[in-house]
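Enquirer: Sharing a structure with you now.
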Amino acid sequence: MSFFFEREETDNQVKIVLKPHSLYVMLIMLAVWLLNEMVLHIMPVTQIIMPVFIVFMVIRFFSLVKVQKEVLVAMKQGKVQTSGSKFSFSNPFTYIISK
C-alpha cells in the first residue's frame, strides 16, 4: 500500500521507504483513546476508536509483512543499508537493498 511504504526498483537496487504517516495516525488514535479513558469517560468514543485502532494496526501489519520478509532475506545476505528516522517526514526510514 502506498500509504505505508513506497518501493522503487532499479537494475542494481531496491529502495523501500517506510512512511511515518501511519505511526502518527496510531499515536493520535491512542492519545484520543487515553484522553477519553482517563478524563472524558465517553463510552461511544471508546466503542469507535478501539475497533478502528485495532483494524488499522492489523492492516498496517499485513501490508508491511511482505516488505519485512524481503528485508530479512537481504539482511541475511548482507545486502541492506538503512537510513533515516521512522518518525521523520523529511528523512523517512529507508531500506536500500543491493542486488
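Enquirer: Taking a probe of 1.4 angstrom, what is the accessible area of Lys15 in Å², to the nearest 10?
Expert: Taking all protein chains as shown, Lys15 has close to 80 Å².
Enquirer: Oh, and also: Pairing the Cα long axis of helix 43-77 with the longest principal axis of the chain, what angle in degrees results, from 0 to 90 and rounded to the nearest 10?
Expert: That works out to roughly 10 degrees.
The values are calculated or read from the model by the stated rules, or taken from the named source; none is laboratory data. Every value quoted in this text rests on a predicted model; they were computed, and no experiment measured them. Just so you know, the surface numbers come from the protein's heavy atoms only, side chains and all, with ligands and any DNA or RNA stripped out. Shrake-Rupley method; radii C 1.70, N 1.55, O 1.52, S 1.80 Å.
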